[in-house]
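The values are calculated or read from the model by the stated rules, or taken from the named source; none is laboratory data. Since the structure is predicted, the reported quantities are computational estimates derived from the model, not experimental observations. Cβ coordinates were reconstructed from backbone atoms using ideal geometry, including for glycine residues, and neighbour counts include every protein chain displayed.
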Ligand code: KIV
Ligand code: NA
């Protein structure tokens, strides 16, 4: 596959061509996704939970993000790479937001940054776009500020909140975002948001009427424990496969079955008698 370009995003939407988007936080996973048809990788601050074992995303730092974005860029040269801006890296001022967005691009060479928020983030988005950096928006359920939204639950479920989402999407497009993640909203509302703008809406838990589907890789491959939001479809049971393989290794070790000569260095050596 060849890497998407910034103009492909609008073009795909105009042509009604769907695309797909998953997360990665390390070189090996990035290279696996690069071998697949999936067009976009997000190095999300969800790495707080999935890679670092935190309860949420709030404590993820700029250094954490850069540490994980770098190997993904190396592993997936034919895939568009999104670097998430962590909580606290863009909520102080436009200037600090630009400084941190610059750091992500300069120190990782990824293709764009993503940040959460609607109209309240307009000046941040405009400042980063003016600095020459591609910005992906993120509205609906915004995990960094989920507690102020009343927890991890469906957004846009009332006429007023649906209206706010549509206004947010239109404002983000005007501010210069080239695409927008829309998380955890009723399908009908996601459809309206998708129709309201000419940039692609990238849906996660947003139903079938959006331009692109997003899932966390560890969720969709069945790697990440027992927690499964309603919108996650597991396309494989990799965790089960991995535990079975580990147990097989353990059993063969105990029974002396591994390593057989096939997996051993079998050169004959004349060993001096020292003991
Ligand atoms: O960090 C993340 O994985 C995300 C997705 C849920 C879109 O922001
Ligand atoms: Na995120």
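Structure summary
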read-out: Matching residues in segment 82-105 - criterion: being touching a helix residue (DSSP H, G or I) at 6+ places or on another chain (Cβ under 9 Å) and in a loop (DSSP other than H, G, I, E, B); value: 85, 86, 87, 88, 89, 90, 91, 93
read-out: Pair list, Cβ under 6 Å, 6 or more apart: segment 133-144 residue at positive phi, other residue more than 10 Å from ligand 2 (Cβ to nearest atom) and not in a loop (DSSP other than H, G, I, E, B); value: 140/182
read-out: Residues of segment 54-81 satisfying the condition of being within 11 Å of ligand 2 (Cβ to nearest atom), part of a loop (DSSP other than H, G, I, E, B) and surrounded by 17 or more Cβ atoms within 10 Å (Cβ to Cβ); value: 57, 60
read-out: Meets criteria (surrounded by fewer than 17 Cβ atoms within 10 Å (Cβ to Cβ), within 16 Å of ligand 2 (Cβ to nearest atom) and modelled with pLDDT of 95 or more) for residue 88; value: yes
read-out: Residue 107 surrounded by fewer than 16 Cβ atoms within 10 Å (Cβ to Cβ) and either more than 21 Å from residue 232 (Cβ to Cβ) or in contact (Cβ under 8 Å) with a residue 40 or more places away in the chain (or both); value: no
read-out: Answer from 200, 208 - the residue that is surrounded by 12 or more Cβ atoms within 10 Å (Cβ to Cβ), modelled with pLDDT of 95 or more and under 24 Å from residue 154 (Cα atoms); value: 200
read-out: Those residues of segment 129-167 which are within 26 Å of residue 103 (Cα to Cα), more than 16 Å from ligand 2 (Cβ to nearest atom) and not in a loop (DSSP other than H, G, I, E, B), in sequence order; value: 129, 130
read-out: Given (1) within 22 Å of residue 216 (Cβ to Cβ); (2) surrounded by 24 or more Cβ atoms within 10 Å (Cβ to Cβ), index of the condition residue 151 fails; value: (2)
read-out: Failed condition for residue 116, given (1) within 15 Å of ligand 2 (Cβ to nearest atom); (2) free of Cβ contacts under 8 Å to residues at least 40 places away in the same chain; (3) surrounded by fewer than 23 Cβ atoms within 10 Å (Cβ to Cβ); value: (3)
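Matching residues to (1) within 16 Å of ligand 1 (Cβ to nearest atom); (2) over 16 Å from the mean Cα position of the chain (by Cα); (3) touching a residue at least 12 places away in the same chain (Cβ under 8 Å):
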| residue | (1), (2), (3) |
| --- | --- |
| 36 | no, no, no |
| 54 | yes, yes, no |
| 57 | yes, no, yes |
| 72 | yes, no, yes |
| 86 | yes, no, yes |
| 92 | no, yes, no |
| 103 | no, yes, yes |
| 146 | yes, yes, yes |
